[in-house]
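Here's the structure we're looking at; comments come further down.
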C-alpha cells in the first residue's frame, strides 16, 4: 500500500508486486477532508478511511512519503499530524511502515530525483501498464510511492540479511 | 485534561475546575517512548496510554499545547506526529480539543508570556495548592495547560454565546 500523506488530500494506492520489476495496480483513491472542518474531525475521518482501506485490502506493508521539511511550516505541521494518524493505523494492524523522501521516490521511478509531476505521471502510467493516466491526478503520487517500495524492498531485505549475517559472524 | 505533547515525553494532567479561579489537581504523569523504538510503535504506545487516561478519568475537555513552529524542524515534525495521535484519541471519544500556544499558557498562569520554567513551576505549585512542586518536573507544563483552559473557558463560552446572539440578531 502506498500513501501520499496530507490533511486536505491524502493519496492511497494498493499494488501487487510481480516477478522482477513487474507491478500490478489494484486500487487508487484520495481521502479528502475540507479545511473548514475542525482538526479532530479531519484526523478522525482520515483514520477511519485509511483503516477501511487497510482492512479491505490487507496489505503486507505500507510505504509512505516522508514529511518534506522544507516549505510552509504550517503545511508541514498539518501533514505531520496526518502522518501520525496514518502511521498509527498501520501500527494498530501490525503492518510495517517504510518511509521514502520525495526525491527517493522520483529517483526510483524516473531515474531523476527532480522529475516533475508530468514526467512522474507518465512513468507511472507506463510502469503499471495503464491505458491512461491514473485519476485523480494526485493519486499518481500514491502509486509512485508503492512502486518505489516494490523495487526497493528486495534491496532492503538483502541489506537486512547481510546485517544479520554480520551480527552472527561476530564473536 | 491538559496535554503537553511530545514523542519522547508527553505530559498528561487532569484537573477539576472549581468556583471562580479555583482549580484542584487530580492526576499528573508522563508518557515516555524511547527514541530507539520505531515510530509506529512509539505512536501506538502514546495512543494506548492517552486512551487509558481518557477512559479512566473521562475528562469533559482536552487542552493541548499547539505545536511550536520555531526550533528544530525534526523535533517539530516528531511532536506534530504525536499531536495527530493525541487529537485523534480525543476525537474518537467525542472530547472537544482546545489548543493554546506556549506564550498563551505562560501569560494565563504567570501574567508574563515569557515566564521561565522555574517561574511557571512555582506559580502552578501555588495555584493548585500543592505542598511541593509537581513531579516529574515536565508534568508542570501539562498542569499549566489544564489550568490555562479552566481560566480561559468561561471567556471562550461567553464569546461563543455573543457570536450566537449576533447571528440570531441578523435578519
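Readers should treat all values here as calculations from the given coordinates under stated rules, not as data from a laboratory. These figures come from a predicted structure and were not determined experimentally. All Cβ positions, even for glycine, are placed from backbone atoms using ideal geometry, and neighbour counts span all protein chains on display.
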**Message:** I need the full set of residues from segment A:144-160 which are more than 12 Å from residue A:11 (Cα to Cα) and surrounded by 14 or more Cβ atoms within 10 Å (Cβ to Cβ), in order please.
**Reply:** A:147, A:148, A:149, A:150, A:151, A:152, A:153
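The rows are residues; the columns are (1) surrounded by fewer than 20 Cβ atoms within 10 Å (Cβ to Cβ); (2) more than 10 Å from every other protein chain (Cβ to nearest Cβ); (3) in contact (Cβ under 8 Å) with a residue 60 or more places away in the chain.
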residue	(1), (2), (3)
A:82	no, no, yes
A:103	yes, yes, no
A:124	no, yes, no
A:134	no, yes, yes
A:142	no, yes, yes
**Item:** Condition check for residue A:93: surrounded by fewer than 19 Cβ atoms within 10 Å (Cβ to Cβ), without any contact (Cβ under 8 Å) to a residue 60 or more places away in the chain, touching a strand residue (DSSP E or B) at 6+ places or on another chain (Cβ under 7 Å) and under 17 Å from residue B:39 (Cα atoms)
**Value:** no
**Complete:** For segment B:105-122, the count of residues that are outside any loop (DSSP other than H, G, I, E, B) and exposed (fewer than 13 other Cβ atoms within 10 Å of the Cβ) equals 2
**Prompt:** Within segment A:6-56, how many residues turn out to be in contact with a strand residue (DSSP E or B) (Cβ under 7 Å, 6 or more places away or on another chain) and free of Cβ contacts under 8 Å to residues at least 12 places away in the same chain?
**Reply:** 3
**Item:** Every residue from segment A:33-52 that is in contact with a helix residue (DSSP H, G or I) (Cβ under 9 Å, 6 or more places away or on another chain) and more than 13 Å from chain B (Cβ to nearest Cβ)
**Value:** A:34, A:35
**Item:** segment B:107-118, residues that are free of Cβ contacts under 8 Å to residues at least 24 places away in the same chain and within 18 Å of residue B:11 (Cα to Cα)
**Value:** B:116, B:117, B:118
**Request:** Please work out if residue A:59 is without any contact (Cβ under 8 Å) to a residue 60 or more places away in the chain and surrounded by fewer than 19 Cβ atoms within 10 Å (Cβ to Cβ).
**Result:** no
**Asked** Taking segment B:67-80 only, how many residues are within 22 Å of residue A:5 (Cβ to Cβ) and either facing chain A (nearest Cβ under 9 Å) or buried (at least 22 other Cβ atoms within 10 Å of the Cβ) (or both)?
**Response** 9
